[in-house]
Amino acid sequence: MTLPGFSDAMPLHGLAGGLLIGLSAAMMLLMLGRIAGVSGLAARAIGLSAGGAPRDIAMAFILGLPLGALLMSLVTGPVVTRFPPTIWPLLIGGLLVGYGTRLGSGCTSGHGVCGMSRLSPRSLTATALFMASGVGTVALLRAGGLL
Amino acid sequence: MKQTAIALAAGMIFGAGLALSGMADPQRVQAFLDLGGAWDPTLAFVMGGAMLVMVVAWAIQRRMTAPAAAYRFELPGTTGIDRKLALGALIFGAGWGIGGLCPGPAIADLAIAPLQVAPFIAAMLAGMALHRLTTR
């Protein structure tokens, strides 16, 4: 199914994938009593965070991400990934994402999915700010002819 | 052991969801943030689907005294909006826009496009380490 006016959009795949992501976050919350926040769990898994989830839980969740993606690619066929043509957006973007998510205590999963659905004022604020910053940054890239 | 297995299963379901939803594709994510280009609303559907489940999960959580497979809920506070939260979110958003990747999809892409995502992962870990080294 496509969305009228947005030929590239995948609304049903998006919704189905979103339901799986929600199910995963619900399992972490209702079974383990924790937030499925990828940036925090990743930092914990590689020893860059003193607090947070037990290390084996963090490592297992983070290991699951590529395993799950691989399994899905076996079901659906190759997963499309279109990367920037040069390495610089990846290096600069990665650095900012790593530092920013630690300073702001979360990313799209922790603040976005888990925090917003809890109506957490902290997460609502963080999500509004990183969305606005993302939109503004891409607008600047476009204005500068970099997109 | 049981907790580790649950976390692994949850991570796999999360990664499968990312791959199915198109969020493993940096260009699609960037297109959601690109209001001046060919805007792609797919990310809003992903967020909507995930929120739908989690709104129910939080309603269930409020009626539980302890999680099903752990002693207690270990949840972060929801109040206290400070400079660190705001600045961190702004910095993260800028990097998200530049690379088209946030931590979940980047790590999931290690199985799909390992060579292409490797520089982002390395830089992201460096950013996390930088935060760790400069914060006491």
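The values are calculated or read from the model by the stated rules, or taken from the named source; none is laboratory data. Keep in mind the model is a prediction, meaning the values are calculated, not measured. Methodologically, a virtual Cβ is constructed for each residue, glycine included, from the backbone with ideal geometry; neighbour enumeration extends over all protein chains shown.
The set of residues in the range B:44-60 that are touching a helix residue (DSSP H, G or I) at 6+ places or on another chain (Cβ under 8 Å) and more than 7 Å from chain A (Cβ to nearest Cβ) comprises B:ALA44, B:VAL56. Among the residues of the range A:55-71, are any out of contact with any Cys (no Cβ under 6 Å at 6 or more places or on another chain) and either closer than 20 Å to B:LEU87 by Cβ or polar (S, T, N, Q) (or both)? No, the range A:55-71 contains no residue that is out of contact with any Cys (no Cβ under 6 Å at 6 or more places or on another chain) and either closer than 20 Å to B:LEU87 by Cβ or polar (S, T, N, Q) (or both). When B:LEU115, B:LEU110, B:LEU33 are checked against the criterion of being facing chain A (nearest Cβ under 7 Å) and without any contact (Cβ under 8 Å) to a residue 12 or more places away in the chain, B:LEU110 stands alone in meeting it.
Give the residue, chosen from A:MET72, A:MET28, that is surrounded by 24 or more Cβ atoms within 10 Å (Cβ to Cβ) and over 27 Å from A:GLY100 (Cβ atoms). Being surrounded by 24 or more Cβ atoms within 10 Å (Cβ to Cβ) and over 27 Å from A:GLY100 (Cβ atoms) holds for just one of A:MET72, A:MET28, which is A:MET72. Checking each residue of the range A:34-51 against the condition of being over 15 Å from B:TRP58 (Cβ atoms), out of contact with any Cys (no Cβ under 7 Å at 6 or more places or on another chain), among the hydroxyl-bearing types (Ser, Thr, Tyr) and facing another protein chain (nearest Cβ under 7 Å) gives no match. Looking across A:VAL75, A:VAL79, one residue alone is more than 7 Å from every other protein chain (Cβ to nearest Cβ) and β-branched (Val, Ile, Thr). It is A:VAL75. Only one entry of B:GLY77, B:GLY127, B:GLY95, B:GLY88 meets the criterion of being closer than 27 Å to A:ALA60 by Cβ, in a loop (DSSP other than H, G, I, E, B) and either facing chain A (nearest Cβ under 7 Å) or out of contact with any Cys (no Cβ under 9 Å at 6 or more places or on another chain) (or both), and that entry is B:GLY77. For the residues B:ARG72, B:ARG63, the requirement of being part of a loop (DSSP other than H, G, I, E, B), within 7 Å of chain A (Cβ to nearest Cβ) and either under 24 Å from B:ILE98 (Cα atoms) or free of Cβ contacts under 8 Å to residues at least 40 places away in the same chain (or both) singles out B:ARG72. Total residues in the range A:77-89 satisfying the condition of being surrounded by fewer than 22 Cβ atoms within 10 Å (Cβ to Cβ) and either touching a strand residue (DSSP E or B) at 6+ places or on another chain (Cβ under 9 Å) or in a helix (DSSP H, G or I) (or both): the figure is 1.
Contact map, the range A:32-51: first residue crowded, with 24+ Cβ neighbours inside 10 Å, second residue modelled with pLDDT under 95, Cβ cut-off under 6 Å, separation 6 or more or different chains; pairs are A:ARG34/A:ALA53; A:GLY40/A:GLY52; A:ALA43/A:SER49. Number of residues in the range A:90-125 that are in contact with a Lys or Arg (Cβ under 9 Å, 6 or more places away or on another chain) and part of a helix (DSSP H, G or I): the value is 4.
Looking across B:GLY100, B:GLY88, B:GLY95, one residue alone is under 20 Å from B:GLY17 (Cα atoms) and either modelled with pLDDT of 95 or more or crowded, with 23+ Cβ neighbours inside 10 Å (or both). It is B:GLY100.
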